[in-house]
Amino acid sequence: MSEPLVRGRSAAEIAESIKEAVRKGQLRPGMSLPPIRKLAAEIGVNRNTVAAAYGYLADAGIVHARGRGGTIVVPFSRSAPPKGVIPPGVRNLTDGNPDPALLPDIRAFVDRIPLGPRLYGNTTVSEELSETAFRWFAADGIDEGHMAVTGGALDAIERILGACLMPGDLVAVEEPCFHRTLYLLHALGLEPVAVPVDAEGMHPEALEEALGRRVRALVATPRAHNPTGATVTSTRSGELRAVLDHFPDLLVVEDDYFAPIALDPPQWIGGPSRRRWAIVRSVSKCFGPDLRLAIVVGDGGTIGVLEQRMRVGQRWVSHILQGLAAKMLADRSTVRAMRVAADTYARRRKTLIEALGRNGFAAQGYDGLNVWMHIPHDEQLAQALLYRGWAVKSASPFFSQRRISALRISIGLLPEDDIPTFLGDLLECYSVGPMLPTGPRADGRHPIASFVGESDSLNMRTNLTKQLKGQS
């Protein structure tokens, strides 16, 4: 007779048996533990003993109590992003990096930054950045609110949610959702509630249904949604605001991370008309991800708890970085360079999407640095492309509930001249079908070449090049 999965006489013994079952994979992420009363009867202990064991596990972050929804094993795989290693020589189309050639030269502004000493107790937001940022937000209809500066967009979202919510709270997010937002929610012990997205943003009916589950916060992307490139339209924003009006106490956080180089003006779904709101703008896509800075505008209570949370640790973002960002955002030549970057990324997205469409593949990406391609066998295809020298991301990390097959292709490091080569390799890999090879052959030839043939590969790329140049 096999030993019971959960056993023990004391709370510590019961908790240890559950941890062991999780380590062995007998209890997998998302699985429910037995109700306290039922488990207590099965193993012959007081129900308070089982409750204490579950409490130990919850404090350790191993399980998550959802009230009437029961107690589930925390999905550890999402508590931190996997450490992906891109092999040497492989083109990285996974990380959403901007093109270094389209970034302004930071060195031209360094000498213009006031470098006087800043000590503990000084103001946390520089006056120059505050003035520049408030003008920037006012130009997009946000002419009131309080301001804070954080070390990037995700840093802002993490601190806001961590300060305003409690572990176990529900947070509505887009489906698919930026994968690092999902990692962040799980790390905070928060539960995502998926709201499907189309080309115009969240579905209003789905949002209303989600918020009916006593969701405490909403995290949404008004422009350049990652991964799909969706941008909220004026019609859709009105529909979403009408839904949100029925939930006045909901905290609405809008991640406007692509703001400096977005194509269209933002269509807000939150903002000053709400009691609790925050809008986050980062400069990582326009100035480079190493300039770790985001500007947050929101209501006094939300910004107040954000600043209080920052005082526990980081306290403030370097005024050197703030001065640099302020100078660059106000510089006319930098603004022109950002427009050039926005137009360049738009051409790359359009070129790739149209080329995919001519070859029978559905893809989208209105704005941002990504193209979202619907295609079967995405994980096998991503693996095959890796062996062809291209790193792309399959759909799994972007979903908290349902799952479709798709690839996210970042175009920041994919110039138009390289698109024919990428598409040729993509078509070669796809032609193999679901039984994609997983490694190089013993004779050193590439596995895909052994299925397709070198002459076919050359013909595909030649035809694609002609199509993209309008010669066919």
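Please treat every number below as a calculation from the coordinates, not as lab data. Model, not experiment: these values are computed from the prediction. Virtual Cβ from ideal backbone geometry, glycine too; neighbours counted across all protein chains shown.
Observations, loosely collected:
- Tail weight of P(r) past 21 Å, computed on alpha-carbon pairs of the range 159-312, percent: 42 percent
- The Cα-based radius of gyration of the range 268-307, divided by its Kirkwood radius, gives an Rg/Rh of 1.07.
- Helix-only [θ]222 nm of the chain, DSSP H runs n ≥ 4, -39500 (n - 2.57) each, per residue, nearest 500: -12500 deg cm²/dmol
- For the range 172-224, the percent of C-alpha pairs falling in each 5 Å distance bin, counted from 0 to the bin holding the largest distance, reads 4, 20, 33, 24, 15, 3.
- The radius of gyration of the Cα set in the range 98-160, together with its Dmax, comes out at 14.8, 39 angstrom.
- Its residue count N sets the reference 2.2 N^0.38 Å, and the alpha-carbon radius of gyration of the range 1-62 equals 1.02 times that reference.
- Ordering 192, 48, 130 by Cα displacement along the dipole of the chain toward the positive end leaves 48 in first place; charges were set at the Cβ atoms of Lys, Arg (+1) and Asp, Glu (-1).
- Modelled this way, with points 7 Å down the Cα-to-C-beta line, the labels at residue 308 and residue 115 are 3.8 nm from one another.
- In a DSSP loop and with at most 14 other Cβ atoms within 10 Å, the trypsin sites (Lys or Arg not before Pro) in the range 293-369 are 315.
- When Rg and the Kirkwood Rh are both derived from Cα coordinates, the Rg/Rh ratio for the range 193-273 amounts to 0.93.
- Where only alpha carbons of the chain are counted, the Rg and the Dmax (Å): 24.9, 79
- The label point for residue 180 and the one for residue 263, both projected 7 Å from the Cα toward the Cβ, are 2.4 nm apart.
- Leading residue at positive end of dipole, the chain (Cβ point charges), from 102, 115, 392: 392
- Taking a span of 27 Å or more along the helix axis (Cα atoms) and a mean Kyte-Doolittle hydropathy of at least -1.0 as the rule, the DSSP H helices of the chain that qualify are 332-358.
- Computed label-point distance, nm, for sites residue 127 and residue 245 using a 7 Å Cα→Cβ extension: 4.2 nm
- Scaled radius of gyration (Cα, divided by 2.2 N^0.38 Å) that the range 365-428 gives: 1.11
- Eigen-decomposition of the gyration tensor built on the alpha-carbon atoms of the range 284-421 gives equivalent ellipsoid semi-axes of 35, 22, 14 angstrom, largest listed first.
- Take the Cα radius of gyration of the range 228-300 and divide it by 2.2 N^0.38 Å, N being the number of residues; the result is 1.19.
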